[in-house]
1. In the range 79-105, what count of residues is obtained for those that are surrounded by 11 or more Cβ atoms within 10 Å (Cβ to Cβ) and modelled with pLDDT under 85?
2. Out of everything in the range 11-37 that is in a strand (DSSP E or B) and surrounded by 12 or more Cβ atoms within 10 Å (Cβ to Cβ), what residue ends up being modelled with the highest pLDDT?
3. Can you say whether residue 46 is modelled with pLDDT of 70 or more, surrounded by 11 or more Cβ atoms within 10 Å (Cβ to Cβ) and in contact with a strand residue (DSSP E or B) (Cβ under 8 Å, 6 or more places away or on another chain), as far as the supplied structure shows?
4. Going residue by residue through the range 129-143, is there one that turns out to be modelled with pLDDT of 85 or more and assigned to a helix (DSSP H, G or I)?
5. Somewhere in the range 149-156, is a residue out of contact with any helix residue (DSSP H, G or I) (no Cβ under 7 Å at 6 or more places or on another chain), surrounded by 10 or more Cβ atoms within 10 Å (Cβ to Cβ), modelled with pLDDT under 85 and outside any helix (DSSP H, G or I)?
């Protein structure tokens, strides 16, 4: 089916649409027209459903689904994919049900989750106490640039003496 994209003027302080334009706009908003763009003074709408494109693949054409095939579909239909058959829908439903069961039965945290939680607790403790986020060696004074310069001096002494 061919799609038709068109622009409709919207009511503003300076423009009052005619009764036929108002009726058309109300019908567009209540129908299956797709709103493409809405600006303060006009709207762009599209009617119709785009046809899947035929792409040559070898000697036989291959139909590709539309980019937004998933709009209005359930989670099971989305998981099954755009070309799902009833058997695919059953498999996808079972898969989603299994994931939900696994998630609901989970009782303990993984080591990674415990590690992340411990780090977040430490960050919160430091923020509330007004402490720096990381501890520095020594008295905490001095900059990274000074540390780099010291390392370079030590390295150059090692190279010249060795």
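The values are calculated or read from the model by the stated rules, or taken from the named source; none is laboratory data. Just so you know, these numbers come straight off a predicted model, no measurement behind them. A quick note on method: Cβ atoms are made from the backbone with ideal geometry, for glycine too, and the neighbour counts reach across all protein chains shown.
1. Residues meeting the conditions: 3.
2. In the first step, residues of the range 11-37 are kept if they are in a strand (DSSP E or B); the result is 34-37.
Imposing the further condition that a residue be surrounded by 12 or more Cβ atoms within 10 Å (Cβ to Cβ) reduces the set to 34, 36.
Working: 34: 80, 36: 85.
Applying the filter and picking the extreme gives 36.
3. Details: modelled with pLDDT of 70 or more: yes; surrounded by 11 or more Cβ atoms within 10 Å (Cβ to Cβ): yes; in contact with a strand residue (DSSP E or B) (Cβ under 8 Å, 6 or more places away or on another chain): yes.
Yes: the conditions hold for residue 46.
4. Pass one, the range 129-143, residues modelled with pLDDT of 85 or more: 129-132.
When the remaining residues are screened for being assigned to a helix (DSSP H, G or I), the result is 129.
Within the range 129-143, one or more residues are modelled with pLDDT of 85 or more and assigned to a helix (DSSP H, G or I).
5. Taking every residue of the range 149-156 in turn, none turns out to be out of contact with any helix residue (DSSP H, G or I) (no Cβ under 7 Å at 6 or more places or on another chain), surrounded by 10 or more Cβ atoms within 10 Å (Cβ to Cβ), modelled with pLDDT under 85 and outside any helix (DSSP H, G or I).
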